[in-house]
Amino acid sequence: MPEINSANLEQLHPSIQSAVRAIPVSDRYFIALSGGLDSMALLAFAMPYLLKFYKPTIQIIHVHHGLSQFADEWAEHCHSVSDAMGLVCHVERVNVAAGGKGLEAAAREARYDVFERYLSNGGVLLQGHHQNDQAETVLMRLLRGAGPEGLSGIPQQRALSNGQLFRPWLGLPRCVLEAEIKKYPVTWVEDDSNTDLQFDRNFVRHEILPLLEARWPNVLNSISRTADRSSQTHQQLLSWCEAQIVNVISEQYAEDKALDLALLSVYSMEQQHFLLRHWLDCLRVEHPSEKIFERVWSEVIPAERDALPALRWGSNHLRRFNGCLFYLNDQAVQAQVYRYEVPCDETVLCDDVAPLRIASIGGRELKVIFKAVKGGVPNKSLIRMPKQNELITVRSRSGGESIVLPSSIQNKSLKKILQAKKIAPWRRLHIPLIYYGDILALVILGPNESLVADGFQVSVEAVAIEICWK
């Protein structure tokens with residue numbers, strides 16, 4: 001591959017010149033090099049320009065998916081080309097396991113995990129997607145019934161980890177890149193799977209797009225404009241949702257980011273749909289199918305007031321409780337059975353002693369801190385030190401527990417207390433119970449709320465134990 005310096009850039013196709021000059025300025029670039037034509041064009045046309053004008057560090061990333069019998073040859077090609085140009089090439093081998101999303105999605109996820117790691121300290125990652133890739137993506141999403149977000153297609157620029165991803169060729173058809181790169185002794189590899197028509201993208205690429213281009217020669221530009229306009233529409237909807245979502249988050253269950261259905265009902269049905277989808281996006285949850293999504297409105301919301309309707313897709317759960325809609329994962333809805341002894345020794349009483357971590361319970365860390373109470377009103381997570389022969393244990397709920405609260409003369413059912421406090425049933429599964437011997441001494445309801453049994457309170461100027469569950 002010859003060196004193509006800045007003087008040569010002026011001889012390239014005008015659209016390529018504009019694309020190269022639009023690359024964001026940075027002191028660190030990474031080029032995602034598959035070895036194919038589009039990414040090799042980044043090396044040939046963009047890399048020399050960046051080196052001359054920005055003086056950055058440029059490194060190559062080749063992701064070895066191991067899915068083709070030629071994968072080792074592609075990695076070797078990228079290595080040899082990088083060596084010839086004096087660039088560092090990182091060959092990252094990944095394991096791709098096709099799950100419910102399919103092989104292509106699994107490979108993409110593994111690939112972007114690599115890219116995010118390299119951008120953890122900032123920089124710009126360049127990818128070679130071009131206008132044909134954009135058209136394929138938009139058409140495939142159109143056939144799946146996508147809305148403005150899906151029809152926005154591939155973004156030219158977006159944040160990734162602590163850096164930026166940028167695709168210079170996104171507005172250029174592949175034929176322009178191919179015609180230009182053939183003027184130079186540049187070699188590239190061809191992915192053998194790209195001709196396999198069992199993959200939807202290849203069918204669109206080889207069967208559908210050629211027909212459309214034969215009938216409408218400007219179809220790639222038209223599809224790109226559709227993507228741009230859909231992106232604008234999506235951004236407007238996103239701005240509206242970001243402004244409105246705070247109005248429908250439950251104040252009582254703010255920690256859970258639950259939706260208050262009474263507040264949500266103020267909006268039109270279309271607006272409710274937008275807000276629910278945005279809520280899932282904020283929680284970084286993959287949307288359910290349209291069929292499941294519609295069941296929110298037909299089954300979950302209109303269910304009887306005392307019912308506990310639920311929906312599930314994959315490892316995702318939607319639950320309704322006390323007029324609110326909650327999102328939960330598998331861990332949150334599964335009971336956890338445990339019993340831990342708490343080592344208790346006053347000799348560890350020191351401000352410099354790190355908290356004693358007991359366990360992860362319900363996705364939160366339970367820690368024990370020995371401390372001296374120096375005045376004021378103790379907070380509710382404090383409990384007195386044990387007396388001789390009082391063994392402290394942390395236990396899960398098993399049912400039938402009761403507790404004697406201060407100013408009370410009899411045991412109160414823990415179940416009824418939790419119900420009265422409107423604590424969601426799945427939250428009750430994980431509430432840690434602190435026992436002194438066989439007596440329930442402390443119930444940790446959440447990061448900032450506990451129930452301390454009578455006789456286990458802490459007096460000021462005393463030694464105490466603080467139980468933290470955050």
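What would the Debye equation give as log₁₀ I(q)/I(0) for the stretch 339-469 at q = 0.13, 0.14, 0.20 Å⁻¹, counting only Cα atoms as equal point scatterers? Debye intensities relative to I(0), on a log10 scale: -0.52, -0.60, -1.26. Its DSSP H runs of at least 4 residues, each contributing -39,500 (n - 2.57), put the calculated 222 nm mean residue ellipticity of the chain at -9000 deg cm²/dmol, to the nearest 500.
Taken over the stretch 242-289, the ratio of Cα radius of gyration to 2.2 N^0.38 Å equals 1.08. Amide H contacts under 5 Å for A303: none, restricted to partners 5 or more places along the chain or on a different chain, H placed in the peptide plane at 1.01 Å from N. When only alpha carbons are used to place a centre, the stretch 226-243 and the stretch 251-283 end up 18 Å from one another.
Ratio of Rg to Rh for the stretch 36-148: 1.00 [Cα atoms; Kirkwood radius as inverse mean 1/r over pairs]. Put the Cα centre of the stretch 47-124 next to the Cα centre of the stretch 308-328 and the gap is 39 Å. Distance between the modelled labels on S413 and I439, one decimal in nanometres: 2.4 nm (7 Å Cα→Cβ projection). Here r is the Cβ-Cβ distance between E290 and E242 and R0 is 30 Å; the resulting FRET efficiency, rounded to 0.05, is 0.80. With neighbours defined as other Cβ atoms within 10 Å of a residue's Cβ, the residues R111, R312, R319, R284 order from fewest to most as R284, R312, R111, R319.
With the charge dipole of the stretch 196-306 set up from +1 on Lys and Arg Cβ and -1 on Asp and Glu Cβ about the Cα centre, the Cα lying farthest toward the positive end among the listed residues S298, M269, A227 is that of A227.
Below 11 angstrom from the Cβ of G455, what's the summed charge of the other residues (Lys, Arg +1; Asp, Glu -1)? Charge balance in the 11 Å sphere: +1.
Taken over the stretch 180-333, the alpha-carbon convex hull comes to 211 cubic angstrom per residue. Sequence-ordered 3J(HN,Hα) estimates for the stretch 388-398 from the Karplus curve with 6.51, -1.76 and 1.60 and θ = phi - 60° stand at 4, 6, 8, 8, 8, 10, 10, 10, 7, 6, 10 Hz, glycine and proline given as x. Among H130, H65, the ranking by other beta carbons within 10 Å of each residue's beta carbon, starting with the fewest, stands as H65, H130. For H130, no residue 5 or more places off, or on another chain, has a built amide H under 5 Å of its own. Within the straight-line cut-off of under 17 Å between alpha carbons, the aspartates and glutamates reachable from K412 are E401, D438, D454, sequence neighbours fewer than 8 places apart in one chain being disregarded.
Taking the empirical scaling 2.2 N^0.38 Å for compact globular proteins as reference, the stretch 248-333 has a Cα radius of gyration ratio of 0.99. Along the stretch 142-157 the Karplus relation, 6.51 cos²θ - 1.76 cosθ + 1.60 evaluated at θ = phi - 60°, assigns HN-Hα couplings of 4, 5, 8, x, 5, x, x, 5, x, 6, 5, x, 8, x, 6, 9 Hz to successive residues, with x for each Gly and Pro.
The modelled label-to-label distance between L67 and S222, using points 7 Å beyond Cα along the C-beta direction, is 3.1 nm.
Tell me, what is the FRET efficiency for R93 and R158 to the nearest 0.05, using R0 = 25 angstrom and their Cβ-Cβ distance as r? That pair, R93 with R158, gives E of 0.45.
Rounded to the nearest whole angstrom, the semi-axes of the ellipsoid equivalent to the chain, taken from the Cα gyration tensor as √(5λ), stand at 57, 29, 19, largest first. Dipole magnitude for the chain: about 1360 debye, using +1 per Lys or Arg Cβ and -1 per Asp or Glu Cβ, origin at the Cα centre. Between K257 and D330, the modelled label-to-label distance comes to 2.1 nm, taking each label 7 Å out from Cα in the direction of the beta carbon.
If I take R0 = 22 Å and measure r between the Cβ atoms of E365 and L391 in this structure, what FRET efficiency does the formula 1/(1 + (r/R0)^6) give, to the nearest 0.05? Efficiency computed from Cβ-Cβ geometry: 0.50.
Taking one equal scatterer on every alpha-carbon of the stretch 6-232, how large is log10 of I(q)/I(0) by Debye at q = 0.07, 0.11, 0.15, 0.16 1/Å? Each listed q maps to, in turn, -0.22, -0.56, -1.12, -1.30.
Laboratory data are not the source of any read-out in this text; all were calculated from the coordinates shown. Fair warning: this is a prediction, and the values are worked out from it, not measured in the lab. Using ideal geometry, Cβ is built from the backbone for each residue, glycine included, and neighbour counts are taken over all protein chains shown.
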